[in-house]
């Protein structure tokens, strides 16, 4: 056996990935534990005391508790848009997978276009202003739904194609109306792909920086990513607070990662094998 | 326009069906999604084609023909943004393909601590891009940054990662690879696992070396995964904005500007027509580069 070579290879791999991938996160944590003076050195020294709690309190209180507002805003946007995305994308995916019409080609083209084309920013702002949606949370929700629909539809359509048609037919024979067929029979069966959708889209929308930057200006509307960006200029002499902020906004994705690792990977690699 | 076409689609289709009221697949299921998508995505995209030809204040617009585009291809710093975008997309996607594939081969072999390695490599994909950008901006500081201090310990004088105009774009691209290579890796792992073991069995009987195994079995058979990784990261690279903005804001000077950061800068400066022209340029750039690329990748696949 080549066990010795593979042990050496394994240790080397662990050491290399530790340096490249783990140390930056250790750096964030160390910096968040330091006080202002020590953090100004920006090195890997051990914190001279436990300052994490003070830093957290300071970050949270900055600019009139902006961080709290931001967490509430980000949570509201994420929950609302993911809910809408799931219902709307599952409806489209269901009919798209079941009914073959000559318009399916057009719809698939629109889905691919949505995945590729970068949104036209200023015309969107102009339109949102016309609709009185610019700078509002519900406007932001609708934008996130519009931009992320194509990906969710693709996930749903692929999964629905694996559910036998006989199921819908049986439900219809039993007298179910179309809405019942979908919401009572099909939607519950989609649970695995729904979980994948929830996880992947929540992480994406929670971490989104560009769209809130354009469509959601104003301090009362700040999202979590925007606070970090705003604090970057405000805290540029207080690295301990800046990194405490980074640490705080890394916690939600970390929790999601620990519980839903499998679903995330499933969602993000969907379609990769079949090509 | 687009709204009516999609709504029309479903109405016509529903009317053509004899069991209209009984169909368990009602066409109006498309409607809510179609309205949101058309109003907030398609309509602005079509509007951008017109507004890119105007001088625009959001309240009124003056038609000026192709002036915005002429400016886009004449101003040196705007041209540089265009070139940078292509460089960035090529560098990030090729590095992600090579490193992602090597990591995936390593992670599907009998290596120890596979779970740990997979998690550690994948986790940055889920972390906030702005957070990653700020962290690496601090780590890449030319004198106080931990990277250059670490290099100094082993006697190497580190470069000015983000302050050297020749290097800034590549430094950001490197961080992009750091953050995104985990996604390429898991896509490759899915592709590698799907290769039937028989091929390796046959290669073993023919006496193939591990290197031959890789080049004649693994590489051709995971081409769908390669196509996905290239397409995804190439489009992502062309559209990239948040990492550039968090790390260099396009600087020093215009050295690391991309089309997306130019769009934002022109928007901030109030040049809405020019900003929209940038959007159209980016759209054309993606169409011109990605459509042939995917066709090429798929043609090769059919050839196998």
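The values are calculated or read from the model by the stated rules, or taken from the named source; none is laboratory data. Nothing here was measured: the structure is a model prediction, and the numbers come from that model. In this analysis, Cβ positions are derived from the backbone assuming ideal geometry, glycine residues included, and neighbour counts consider all displayed protein chains.
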Note on residue A:72: of the conditions (1) within 9 Å of chain B (Cβ to nearest Cβ); (2) assigned to a helix (DSSP H, G or I), unmet is (1)
Filter result (touching a helix residue (DSSP H, G or I) at 6+ places or on another chain (Cβ under 7 Å) and on the phi > 0 side of the Ramachandran plot) within the stretch B:106-155: B:113
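This table checks each residue for (1) in a helix (DSSP H, G or I); (2) surrounded by fewer than 18 Cβ atoms within 10 Å (Cβ to Cβ); (3) in contact with a helix residue (DSSP H, G or I) (Cβ under 9 Å, 6 or more places away or on another chain).
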{"site": "A:5", "(1), (2), (3)": "yes, yes, no"}
{"site": "A:9", "(1), (2), (3)": "yes, yes, yes"}
{"site": "A:13", "(1), (2), (3)": "yes, no, yes"}
{"site": "A:21", "(1), (2), (3)": "yes, no, yes"}
{"site": "A:28", "(1), (2), (3)": "yes, no, yes"}
{"site": "A:47", "(1), (2), (3)": "no, yes, yes"}
{"site": "A:57", "(1), (2), (3)": "yes, yes, no"}
{"site": "A:77", "(1), (2), (3)": "yes, no, yes"}
With the first residue restricted to the stretch B:71-90 and required to be over 14 Å from residue B:261 (Cα atoms), and the second required to be surrounded by fewer than 15 Cβ atoms within 10 Å (Cβ to Cβ), Cβ contacts under 6 Å at 6 or more apart or on different chains are none
Hey, which of the helices (runs of 4 or more DSSP H) in the stretch B:101-189, taking only ones fully inside, have at least 1 residues that are under 23 Å from the mean Cα position of the chain (by Cα)? B:114-122, B:129-139
Across the stretch A:95-124, what is the number of residues that are closer than 17 Å to residue B:31 by Cα and buried (at least 24 other Cβ atoms within 10 Å of the Cβ)? 2
Might you check whether a residue that is farther than 21 Å from residue B:233 by Cα, buried (at least 16 other Cβ atoms within 10 Å of the Cβ) and more than 7 Å from chain A (Cβ to nearest Cβ) occurs anywhere in the stretch B:116-136? no
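Quick one: in the stretch A:125-139, which of the residues that are in a helix (DSSP H, G or I) and more than 11 Å from chain B (Cβ to nearest Cβ) is surrounded by the fewest Cβ atoms within 10 Å (Cβ to Cβ)? Spell out how you get there, then give the answer.
Step one: filter the stretch A:125-139 for residues in a helix (DSSP H, G or I), giving A:125-130, A:137-139.
So of that shortlist, the ones also more than 11 Å from chain B (Cβ to nearest Cβ) come out as A:137-138.
On the way: A:137: 17, A:138: 12.
Looking at the filtered set, the residue picked out is A:138.
Quick grid of which residues meet (1) closer than 18 Å to residue A:72 by Cα; (2) out of contact with any helix residue (DSSP H, G or I) (no Cβ under 6 Å at 6 or more places or on another chain); (3) in a helix (DSSP H, G or I); (4) within 11 Å of another protein chain (Cβ to nearest Cβ):
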site: A:158; (1), (2), (3), (4): no, yes, yes, no
site: A:201; (1), (2), (3), (4): yes, no, yes, no
site: A:230; (1), (2), (3), (4): yes, yes, yes, yes
site: A:240; (1), (2), (3), (4): no, no, yes, no
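Scan the stretch B:194-217 and tell me whether some residue there is touching a residue at least 60 places away in the same chain (Cβ under 8 Å) and either at positive phi or more than 25 Å from the chain's Cα centre (by Cα) (or both).
yes
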Given the conditions (1) more than 12 Å from chain B (Cβ to nearest Cβ); (2) in contact with a helix residue (DSSP H, G or I) (Cβ under 8 Å, 6 or more places away or on another chain), which single one is not true for residue A:214? (1)
If residue B:61 satisfies all but one of (1) at pLDDT below 85; (2) loosely packed, with under 15 Cβ neighbours inside 10 Å; (3) touching a strand residue (DSSP E or B) at 6+ places or on another chain (Cβ under 7 Å), what's the number of the condition it fails? (2)
Can you name the condition, by its number, that residue A:209 falls short on among (1) free of Cβ contacts under 8 Å to residues at least 24 places away in the same chain; (2) surrounded by fewer than 21 Cβ atoms within 10 Å (Cβ to Cβ)? (2)
Go through the stretch A:96-124 residue by residue and tally those that are more than 7 Å from chain B (Cβ to nearest Cβ) and either within 25 Å of residue B:271 (Cβ to Cβ) or outside any helix (DSSP H, G or I) (or both). 2
